[in-house]
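The structure appears below as structure tokens.
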Amino acid sequence: MKIVRILFTLIVSIAFLTSCKNEDDNYIDPRGTDYAGSQSCIQCHQTQYENAFHSSHFKATSPATKENILGHFKNGRNTFVYDTETKLVMEERNDSLYQVLYKNGKEVEAHPFEVIFGTKHAQTSAFWQNHYTYELPVSYYKSLNSWATSPGYSASKVNFERKIDKECYGCHSSNIASRYVTTSSDSITFMNQEVEDFMNPKTLVYGIDCERCHGPAKQHVQKHLKFPDLKIAQNITSFKKLSRQQKIDACALCHSGNDKLKVKSRFEFKPGDDLLEYFRGVPGSNDSIHFDVHGNQLGLLSQSKCFKKSETMDCMTCHNPHANASQNLVSYSKICMSCHQGIKHNATTVKTTSASILANNCVECHMPKKMSNAITFQLSQNKNKSNYILRTHKIGIYPSNKK
Ligand code: HEC
Ligand code: HEC
Ligand code: HEC
Ligand code: HEC
Ligand code: HEC
Ligand code: HEC
Ligand code: HEC
């Protein structure tokens, strides 16, 4: 009897162990055992995966491989001149890429590209040192097809000391763990102790992945692998069931600026959560009308009549969350027309604009491109500051429209 029982237990545990092995190909997500990782979604959600994989969200941060880094590393286009004695050169050395500082032709210091931020308009990079990442002083700008100072950096003085802290990763990555460590130098004071917020490179999950927006999905994956005939999603929050405000919050987490007082870490946010539990508005910033076009799409959009009066408009009205913003302005006009059928422009507007532009290019006039005041940069040996240009989300009637 005893032997039978032992045998039975053995068989059951072997069966259990092998089934475990089939479900889990040994992937361990740095966020913990509730997370499955994006790779595990492909088998059932190929369309969403393929779209998202090529999106800016997935590349909001990435490892600094040669394929990922934009910008020139040779042919004289790889040098940023500070003054007659000082220059910074983008160099390839043993398969790694570096920014190397030279004084009078002599190398002073060199730092590798290790983590990169962005791909669409601009790309800035960071290197690891003593549990922190530091920004490289020169970034790549697509509109110029050239290197220029990283936003806010001086074109006359090299600076390798600006930290890219956890805040940046809160909007540009899916995870990075840190711990407070008591130290004596280069630190802030906290409760009479010197503490530093050490970041752990091994816990960095690059880019904004599926579970950053959808929440932990390990149980969802396991359930559907086990019951392939289930057609209704299990163990995952459905955006369809969320209120308008909840949907907006899921995007506003990273698209409503960075000027509010933080109560909880952005990494803790799950779809359905109330953003008011994460931030408190700084007095005066809530009713500020001067939101920057960079990083505050919600602030601008919510000043539009369309947003205030429609009661349905959210980011998904115009964006597929898995894909990049469409480059095709006609496609947006169709969306505008879904609410503005039979729109009649006045006689002056009609007279000065061709019917086809009026019908197909709503965005050019009502969401014009604007200069960012938050982001400026300088080209090598050029005294003028350049502004970063983005389309505003404040839909409205702009003076320049009225010819
Ligand atoms: C074994 C198959 C399977 C895997 C693996 C899987 N899912 Fe699903 N998922 C489903 C099924 C089935 C549905 C319901 C039908 C549908 O919406 O496609 C679903 C629906 C969803 C939905 C929509 C929920 C709703 O009701 O609106 C989301 C979001 C989702 N999955 C996310 C994920 C993520 C993220 C991963 C990877 C971490 C993942 N799924 C992996 C099977 C799977
Ligand atoms: C965790 C932070 C985060 C969340 C949540 C988030 N975004 Fe983003 N989003 C970003 C960052 C960072 C970028 C810029 C990425 C880059 O270019 O490096 C971005 C870029 C975009 C873009 C431009 C993509 C392109 O290249 O055209 C759109 C559109 C967008 N987000 C919409 C949304 C919508 C809609 C939601 C909500 C469903 C959302 N985002 C949620 C951080 C986030
Ligand atoms: C509050 C969220 C948030 C924080 C914090 C944040 N970003 Fe961003 N970042 C965004 C969003 C959203 C975009 C893209 C849309 C835009 O420009 O408005 C973006 C765009 C960028 C881009 C241009 C990407 C491209 O593809 O063109 C770079 C580079 C960048 N951020 C770097 C940083 C760095 C470095 C930090 C920290 C110093 C940082 N960001 C902090 C949300 C954030
Ligand atoms: C930027 C945030 C974001 C990211 C990243 C993201 N999703 Fe989604 N996903 C959403 C939102 C928002 C919806 C709801 C769309 C709607 O209601 O129109 C959604 C809907 C879905 C659905 C329901 C069917 C559909 O397409 O509407 C599935 C399945 C899904 N996502 C899977 C994934 C998978 C798999 C990944 C990673 C490859 C992923 N998502 C990445 C925000 C995101
Ligand atoms: C979800 C529905 C909806 C969508 C989509 C929409 N709008 Fe609107 N829009 C409205 C409503 C409602 C009003 C307010 C009308 C009123 O005041 O009676 C409005 C007002 C406007 C106004 C007048 C603004 C002012 O300040 O007087 C303009 C211009 C406008 N929309 C342009 C657009 C454009 C361009 C698009 C596409 C990019 C668009 N709308 C998309 C619903 C929408
Ligand atoms: C009425 C339509 C509409 C709505 C609603 C809307 N967007 Fe956009 N969005 C656009 C258009 C148009 C563009 C510009 C596309 C282009 O010029 O290539 C854009 C571009 C973007 C970009 C890329 C900026 C850049 O220049 O790279 C981001 C990020 C973005 N939207 C985020 C959001 C977020 C977050 C929301 C919700 C708060 C939102 N959008 C709501 C129409 C809309
Ligand atoms: C050449 C620039 C231009 C284009 C393109 C354009 N508009 Fe306008 N729109 C204007 C101007 C200027 C006004 C204010 C004067 C007027 O009503 O003609 C206006 C007014 C409006 C109003 C407010 C009307 C009212 O009575 O309050 C709406 C809504 C609107 N446009 C929607 C659209 C939509 C939707 C499209 C695309 C199908 C579009 N516009 C294309 C320039 C433009």
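The values are calculated or read from the model by the stated rules, or taken from the named source; none is laboratory data. Keep in mind that what you see is a predicted model, and the values were worked out from it rather than measured. Note: ideal-geometry Cβ built from the backbone for every residue, glycine included; neighbour counts use all protein chains shown.
If the condition is being touching a helix residue (DSSP H, G or I) at 6+ places or on another chain (Cβ under 9 Å), away from ligand 2 (no atom under 12 Å from the Cβ) and not in a loop (DSSP other than H, G, I, E, B), then region 304-324 contributes Cys306, Phe307, Ser310.
Condition test on Ser265, is it under 25 Å from Ser56 (Cα atoms), under 18 Å from the mean Cα position of the chain (by Cα), of a type in the set (S, T, N, Q) and more than 11 Å from ligand 2 (Cβ to nearest atom)?
yes
In the set (1) assigned to a helix (DSSP H, G or I); (2) closer than 22 Å to Lys309 by Cα, Lys351 fails one condition alone, (2). Scanning region 325-342 for residues being buried (at least 16 other Cβ atoms within 10 Å of the Cβ) and among the polar types (S, T, N, Q) gives a total of 1. If you filter region 32-44 down to residues that are under 22 Å from the mean Cα position of the chain (by Cα) and in contact (Cβ under 8 Å) with a residue 12 or more places away in the chain, you find that the one that is farthest from ligand 5 (Cβ to nearest atom) is Gly32. Could we say that Glu211 is of a type in the set (Asp, Glu) and at pLDDT 95 or above here? It is true that Glu211 is of a type in the set (Asp, Glu) and at pLDDT 95 or above.
Considering Ile375, Ile343, which residue is part of a loop (DSSP other than H, G, I, E, B) and away from ligand 4 (no atom under 16 Å from the Cβ)? Quick ask: steps written out before the conclusion?
Numbers: Ile375 fails: part of a loop (DSSP other than H, G, I, E, B).
Of Ile375, Ile343, the one residue that is part of a loop (DSSP other than H, G, I, E, B) and away from ligand 4 (no atom under 16 Å from the Cβ) is Ile343.
Table: residues versus (1) more than 19 Å from Ser174 (Cα to Cα); (2) not charged (D, E, K, R).
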| site | (1), (2) |
| --- | --- |
| Val221 | no, yes |
| Lys226 | yes, no |
| Leu242 | yes, yes |
| Lys247 | no, no |
| Cys251 | no, yes |
| His255 | no, yes |
| Phe267 | no, yes |
| Gly272 | no, yes |
| Glu277 | yes, no |
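Taking region 58-86 as the range and being charged (D, E, K, R) and surrounded by fewer than 19 Cβ atoms within 10 Å (Cβ to Cβ) as the test, the residues that pass are Lys66, Glu67, Lys74, Arg77, Asp83, Glu85.
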